[in-house]
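First comes the structure, then the notes that go with it.
The values are calculated or read from the model by the stated rules, or taken from the named source; none is laboratory data. As the structure is a prediction and not an experimental result, all values here were calculated from the model. Please note: Cβ atoms are built from the backbone with ideal geometry, for glycine as well, and neighbour counts cover all protein chains shown.
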Amino acid sequence: MPAKKIDPHVFVIMGGTGDLMRGKLLPALARLQEAGYLNRSSILGVARTPGMDDAAYRAWAWNALVEDGMTSESLRRWCETSFYFEPLGHGEVKDYRGVAQRIEQIEKETGSPGNRAFYLALPPAAFPPTITELGKLGLNKSPNGAGKGWTRLVIEKPFGRDLQSAQELNALVHQYFDESQTYRIDHYLGKETVQNLLAFRFGNALFEPLWNRDRIDNVQITVAEDNGIEKRAGYYETAGALRDIVQNHLTQLFTLTAMEAPASFDADAIRSEKVKVLRSVMPIEPQDVLYGQYTAGTVNGTKVPGYRGEPGVAQESHIETFVALKFEIANWRWQGVPFYLRTGKRLPRRVTQIAVAFKLPPVSLFRSFDTCQVHSNILIITLQPDEGFDLSFEVKSPGTPFQLETHNMHFRYSTPMPLAYQTLLLDILAGDQTLFVHAEEVEASWRLYSPLLHEYRPLAHPYPAGTWGPNAVNARMGQDGRSWLLPVLSQKDFRSEENAAVQHPALS
């Protein structure tokens with residue numbers, strides 16, 4: 001990680017004993033502590049967990065780290081000296097006053113200068129009342145006055161359920177917190193390969209001149225999950241794949257792939273270019289969106305129930321677990337280049353990839369050889385698992401007759417990747433908003449998807465668990481003269497027949 005200056009602070013986690021804290025935030029904080037970033041920080045967990053106090057919270061945190069295999073003596077001392085707990089009771093005004101008083105007490109004991117970060121590790125319904133109470137108590141400002149400390153608010157996804165709710169939430173946030181204080185977190189942006197996408201595009205003269213409508217035929221972005229809804233029926237029945245993945249994760253990958261070169265590598269410049277992309281997307285046509293819902297099937301050798309067979313799911317539910325979209329961008333760089341996005345649950349494997357299919361050579365020199373077929377050069381950017389890059393190219397097979405075969409250059413990181421939350425938490429504490437979502441970006445994204453939520457909502461096509469979605473998805477791609485690339489994890493994947501037909505329709 002780059003060297004970043006972290007001021008002494010109190011890191012307040014609203015929902016400090018929840019699953020997000022246990023599974024994501026705590027391991028990331030521990031790694032930052034081991035790297036020497038949190039030596040002057042205090043962690044205050046705030047929750048309604050009965051019977052919890054400082055001692056119990058410290059034991060809870062240490063036991064959780066031990067279960068994760070993080071057993072160093074320095075981490076044990078860190079839990080014993082840096083963790084505090086404040087009960088929230090019923091979330092009444094007096095309870096929030098208790099939080100404010102506890103923060104002041106910790107700052108007095110530790111000599112912290114009044115720098116505070118409030119992380120809302122809470123259900124979305126709890127965002128508005130929590131933000132309101134923090135603001136009313138003056139916890140939205142440094143206790144030392146303007147310019148003498150910082151206060152930051154961190155909000156997890158989903159940020160709103162549609163355009164109206166996102167606008168209302170933004171208005172509430174801005175009533176108490178400036179945009180410069182607000183960090184809307186999408187953990188996909190913390191992945192090393194997502195950040196490396198910018199370096200790959202703008203740091204290599206080999207690729208940036210090709211990154212346009214003259215050389216690229218289409219772009220495919222896949223966020224595939226092999227798991228089901230993981231006992232989250234209460235959430236998923238009101239969200240679906242469009243709200244859960246498309247509006248945030250997929251959209252972030254799309255904007256980073258399509259954006260223009262920013263004027264500088266800072267938060268304002270990068271986020272401005274992402275917003276421009278969203279504003280340039282043509283309205284989504286009904287025929288360019290398809291929903292699916294998984295039925296019973298086999299995933300990774302295990303039989304699994306269909307979505308309607310999951311605990312807590314309505315027997316007649318029409319909630320989508322799969323979405324495929326086609327975007328057209330009305331700007332100079334991308335006019336006429338389709339972007340295909342898809343995500344789904346209970347697919348054959350867990351993988352997130354961006355596939356850039358280049359156009360075929362305008363003249364084929366090999367038509368006289370009946371056995372010689374030219375395939376598109378494909379650039380694969382893998383975000384998870386096994387992060388890295390692959391680039392396919394055509395070579396002549398040894399011997400005769402004259403034949404071409406596809407090979408690929410294969411890059412994978414040799415060192416372990418930092419946790420996504422590790423990167424994002426460090427940026428929060430350093431005051432770097434580059435990898436966080438701006439208010440305008442949130443609203444531009446919801447504005448794009450509003451017709452799918454309110455004006456027309458496609459019916460969900462069934463697809464067996466363990467497949468790559470409904471048959472109608474491939475049929476829709478076939479209408480464009482293209483086919484979906486299967487996710488590429490090895491050189492052998494590039495050579496598969498299924499991945500051999502990504503061609504420009506005029507040349508196929």
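The set of residues in the stretch 454-473 that are assigned to a helix (DSSP H, G or I) and within 24 Å of the chain's Cα centre (by Cα) contains only Val473. Would you check if there is a residue in the stretch 80-96 being of a type in the set (Lys, Arg) and surrounded by 13 or more Cβ atoms within 10 Å (Cβ to Cβ)? Looking for residues that are of a type in the set (Lys, Arg) and surrounded by 13 or more Cβ atoms within 10 Å (Cβ to Cβ), one finds none in the stretch 80-96, hence no. I'd like to check something: does the stretch 336-354 contain any residue that is at positive phi and in a loop (DSSP other than H, G, I, E, B)? So far as the stretch 336-354 goes, yes, one or more of its residues are at positive phi and in a loop (DSSP other than H, G, I, E, B).
Here Phe265, Phe254 are screened, and the one residue that is part of a loop (DSSP other than H, G, I, E, B), touching a residue at least 40 places away in the same chain (Cβ under 8 Å) and not aliphatic (A, V, I, L, M) is Phe265. Taking Thr298 as the residue in question, decide whether it is at pLDDT 95 or above and assigned by TED's automatic domain parsing to the domain that holds Ser450. So Thr298 does not fit the description; no. Residues in the stretch 12-64 that are out of contact with any helix residue (DSSP H, G or I) (no Cβ under 8 Å at 6 or more places or on another chain), part of a helix (DSSP H, G or I) and within 20 Å of Ala420 (Cβ to Cβ): Asp19, Leu20, Met21, Gly23.
I'm checking my understanding of the structure. Among residues of the stretch 347-381 that are buried (at least 20 other Cβ atoms within 10 Å of the Cβ), touching an Asp or Glu at 6+ places or on another chain (Cβ under 7 Å) and not small (Gly, Ala, Ser), which one is modelled with the highest pLDDT? Among those residues, the one meeting the criterion is Leu347. Residues in the stretch 414-453 that are farther than 25 Å from Ala239 by Cβ and not in a helix (DSSP H, G or I): Ser414, Thr415, Pro416, Met417, Pro418, Gly431, Asp432, Gln433, Thr434. Counting the residues of the stretch 226-280 that are more than 16 Å from Ile329 (Cα to Cα), modelled with pLDDT of 85 or more and among the polar types (S, T, N, Q) gives 5.
Would you be able to say whether some residue in the stretch 145-159 is surrounded by 16 or more Cβ atoms within 10 Å (Cβ to Cβ) and farther than 26 Å from Ala28 by Cα? Among the residues of the stretch 145-159, not one is surrounded by 16 or more Cβ atoms within 10 Å (Cβ to Cβ) and farther than 26 Å from Ala28 by Cα, which makes the answer no.
Entry remark, the stretch 198-240: residues being part of a strand (DSSP E or B) and among the polar types (S, T, N, Q) number 3 in total. The set of residues in the stretch 1-33 that are among the charged types (D, E, K, R) and touching a residue at least 40 places away in the same chain (Cβ under 8 Å) comprises Lys4, Lys5, Asp7, Arg22, Lys24, Arg31.
Among residues that are touching a helix residue (DSSP H, G or I) at 6+ places or on another chain (Cβ under 6 Å), not β-branched (Val, Ile, Thr) and not in a loop (DSSP other than H, G, I, E, B), Leu325 is not included.
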